[in-house]
Amino acid sequence: MRIPSDVKDLDTEIGELNQFANIIAEQRQSNQTTKLTKLAALFVIPTLIASLLGMNVLPGFEKFTNCIFSDSFIPFWISVGVITTLTLIGFFTIKKIWLDKNK
C-alpha cells in the first residue's frame, strides 16, 4: 500500500506549503512596513520644524481680540506656510520616488 512513501511525500508537500505561506506573510509585512515608513517620512519635516519653533509663535491670549491677520500673527502664518510647503514637497518627492521604483 506504500503508506510510508505516501506519508513522506505528504510531509514534503506540507513543508513546501508552509514555506509558501511564510513567504506570502513576509511580503505582506514588508509592504506594510514600507507604507508605514513612507507615512512616517511625511511627518518628519513638519515635526522637526514644529519642535524647532517650540510652538511659541502665537501671541498671548489677551491679544486674540485683534484680527488674526494682524502683525502679531505674522510668525504664526509664516510657520504654517513653511510647514505646509515642506510637507507638500516631501510628499510629492516620496511619491515620485515610489512611482519610479515600482515601474
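Assorted remarks:
- Residues of the stretch 22-63 satisfying the condition of being at pLDDT 65 or above and of a type in the set (Phe, Trp, Tyr): 43
- Where residue 99 falls short, out of the listed (1) under 17 Å from the mean Cα position of the chain (by Cα); (2) modelled with pLDDT of 80 or more: (2)
- In the stretch 1-46, residue farthest from residue 87 (Cα to Cα) [restricted to those that are among the basic types (Lys, Arg) and more than 26 Å from the chain's Cα centre (by Cα)]: 2
The values are calculated or read from the model by the stated rules, or taken from the named source; none is laboratory data. This is a predicted model, so every value here is computed, not measured.
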